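Q: Handing you this structure, nothing more for now.
All of the numbers you see were taken from the coordinates with simple rules; none came from a lab. Computed from a predicted model, the values in this text were never measured in an experiment. A quick note on method: Cβ atoms are made from the backbone with ideal geometry, for glycine too, and the neighbour counts reach across all protein chains shown.
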Amino acid sequence: MAFEGMVFDSSGGGVRLAEHDPGDPVAMMRLPSPALSGRRVGLRPLLASDFEQWREVRRRCRDWLTKWEPSVPSGRPDVVEDRRAFAARCGARERERQLGTGYGFGVFVGSRFCGEINLNSIQRGPFQNAYIGYWMDEACAGNSYTPEAAAVLFQFAFEEVRLHRLQIAIIPRNRASRRVVEKLGIRSEGIAVRYLEINGVWEDHVRYAITTEEWVARRDEMLAAWITGP
Ligand SMILES: CC(C)(COP(=O)(O)OP(=O)(O)OC[C@H]1O[C@@H](n2cnc3c(N)ncnc32)[C@H](O)[C@@H]1OP(=O)(O)O)[C@@H](O)C(=O)NCCC(=O)NCCS
């Protein structure tokens, strides 16, 4: 599958970005659309043509997922049932990518769509921060695909997007998601009270974070464990 500026490397080589001619100022101003890979998972932006398989997973996993997600405001187009709304969502993510304000990825194992992982609300200036969100198809869960996808996203965020801090916020009772950050060894910064609206309730969240300094110190270990290792 081909995307402009993107090389999908399934060999486990980590971040791969298409090369631009440094003499081409227009190309240099465009951030490449990335396709990334870990040992087993591939990450690439979702496309309008992914609608059928995305909808199948979202329909089947409705109860599994929505209890951990913000409620959908009434009157908003239903991205699960409305193909055009899904295409508009893909377009919005593409604009974020072009503006450098966010990077959304589908998580694939081979050609199978398994979930999503996103780098959201990128802030520059003195913060250089982004928030990571993720979800996994219940049928794909339990294979450590999410921690692997997160490690791939860490490398991209720190080494390509050049951020300083990444945060993952988790409701304390979400044991499965807390296992993800435990496997990655990410630092807890404690509880933020009534931090996010999830399924209609202002929920406390444990904020987990990793900074560039921690990434540099743990890079080899992380790459071996999740990206380049056997
Ligand atoms: C949280 C989530 C993304 C983890 O993804 P994953 O790829 O399954 O991650 P892992 O394979 O590392 O599993 C993490 C833990 O989930 C639990 N788990 C695994 N399979 C499970 C299943 N079928 N049902 C319930 N829990 C399961 C296990 O406790 C596992 O820890 P373990 O490997 O030490 O046993 C996924 O469970 C999910 O999408 N949950 C619903 C949405 C959600 O919570 N999103 C995150 C909000 S912060």
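Q: What does the extension gain come out to for Trp64 and Ala192, with contour length at 0.36 nm per residue minus their alpha carbon separation? List each step's numbers first, then the result.
A: Values: separation 128, 0.36 × 128 = 46.08 nm, distance 2.41 nm.
Result: 43.7 nm gained on full extension.
Q: If you don't mind, another one. How big is the C-alpha Rg of the stretch 25-227 next to the rule-of-thumb value 2.2 N^0.38 Å, as a ratio? Please report the intermediate quantities before stating the final value.
A: Numbers: Rg = 16.6 Å, N = 203, 2.2 N^0.38 = 16.6 Å.
In units of the globular-protein estimate, the stretch 25-227 measures up at 1.00.
Q: Please list the non-local residues whose amide H lies under 5 Å from the amide H of Ala169, H modeled 1.01 Å from N, same-chain partners needing a gap of 5 or more.
A: Ile132, Tyr208
Q: What value, in deg cm²/dmol to 500, does the helix sum -39500 (n - 2.57) over DSSP H runs of n ≥ 4 give at 222 nm once divided by the residues of the chain? Numbers along the way, then the final one.
A: Numbers: 7 runs with 73 residues, N = 230.
Roughly -9500 deg cm²/dmol at 222 nm, from the helical runs in the chain.
Q: Which of the trypsin sites (Lys or Arg not before Pro) across the stretch 102-196 are loop residues per DSSP, with 11 or fewer other Cβ within 10 Å? Intermediate values should be presented prior to the final figure.
A: Numbers: sites: Arg112, Arg124, Arg162, Arg165, Arg173, Arg175, Arg178, Arg179, Lys183, Arg187, Arg194; in loops: Arg124, Arg162, Arg173.
Passing sites in the stretch 102-196 are Arg162, Arg173.
Q: May I pose another question? Could you tell me which residue out of Thr212, Ala35, Val80 lies farthest along the dipole of the stretch 25-227 toward its positive end? Charges go on the beta carbon: Lys and Arg +1, Asp and Glu -1, centred on the Cα centre.
A: Comparing the listed Cα positions along the dipole, Val80 ranks first.
Q: Helices from the chain with mean Kyte-Doolittle at least 0.0 and a Cα length along the axis of 18 Å or more, per DSSP H: which? Show your work: numbers first, answer last.
A: Working: long enough: 83-99 (24 Å, -1.27); 145-159 (21 Å, 0.63).
Flagged H segments are 145-159.
Q: Please return the longest range in the chain lying between exposed loop sites, taking GluC sites (Glu not before Pro), DSSP loop only, at most 13 other beta-carbon atoms within 10 Å, and leaving the sites out. Don't skip to the answer; put the middle values down first.
A: On the way: sites that count: Glu4, Glu19, Glu81.
My reading of the result: 82-230 is the longest stretch.
Q: Related question: Expressed in nm to one decimal, what extension gain is obtained for the pair Asp82 and Thr101 from 0.36 nm per residue of sequence separation less their Cα-Cα distance? Walk me through the numbers on the way to the answer.
A: Working: separation 19, 0.36 × 19 = 6.84 nm, distance 2.55 nm.
My answer for the length gained is 4.3 nm.
Q: Expressed in nm to one decimal, what extension gain is obtained for the pair Asn120 and Ala141 from 0.36 nm per residue of sequence separation less their Cα-Cα distance? List each step's numbers first, then the result.
A: Numbers: separation 21, 0.36 × 21 = 7.56 nm, distance 2.25 nm.
Result for the pair: 5.3 nm of gain on full extension.
Q: In nanometres, what is the gap between the two model label sites at Arg207 and Arg173, each 7 Å from Cα along Cα-to-Cβ?
A: Result for the modelled spin labels: 2.3 nm.
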